[in-house]
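The values are calculated or read from the model by the stated rules, or taken from the named source; none is laboratory data. Just so it is clear, the model here is predicted, and its values are computed rather than measured. All Cβ positions, glycine included, derive from the backbone under ideal geometry; neighbour counts span all protein chains shown.
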Amino acid sequence: MKKIATRKDESTITQGSGNVFIDCGFEPAEARIMLMRSTLMNEIEKYLATRNWTQAEAAKRMGITQPRVSKLRKGAWDEFSLDMLLILATRLGLEPELRLAA
């Protein structure tokens, strides 16, 4: 991260890296996975928000329990592995992709 400016009160504004988990001090590889998980979870939540399904209906479509849907909708990202989120997205008809950049 780099410092952008210093204000008169000696506070500094620091530009983020683009990955909040790196900015919070996580190791880069772990931060990348955490960002992918949170991004995928957010996309699943946005998809579910466009439907008028009950949590029970969403659970049935994803093959999980209603309490798991509740955790998903509340953003409990630490409750879901990247693998599980990819499976859930695919079960909903979404087509998640992994791209590698050099």
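Residue-by-condition table, conditions (1) modelled with pLDDT under 95; (2) surrounded by 13 or more Cβ atoms within 10 Å (Cβ to Cβ); (3) assigned to a helix (DSSP H, G or I):
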{"residue": "Ile4", "(1), (2), (3)": "yes, no, no"}
{"residue": "Ile33", "(1), (2), (3)": "yes, yes, yes"}
{"residue": "Asn52", "(1), (2), (3)": "yes, no, no"}
{"residue": "Ala58", "(1), (2), (3)": "no, yes, yes"}
{"residue": "Ala89", "(1), (2), (3)": "no, yes, yes"}
From the options Leu85, Leu100, residue that is under 13 Å from the mean Cα position of the chain (by Cα), under 20 Å from Asn19 (Cα atoms) and not charged (D, E, K, R): Leu85
Residue within the stretch 10-18 that is in a helix (DSSP H, G or I) and surrounded by fewer than 16 Cβ atoms within 10 Å (Cβ to Cβ) present: no
Hits in the stretch 63-79 - residues which are more than 14 Å from Leu48 (Cα to Cα), at pLDDT below 95 and either of a type outside the set (Gly, Ala, Ser) or in a helix (DSSP H, G or I) (or both): Trp77, Asp78, Glu79
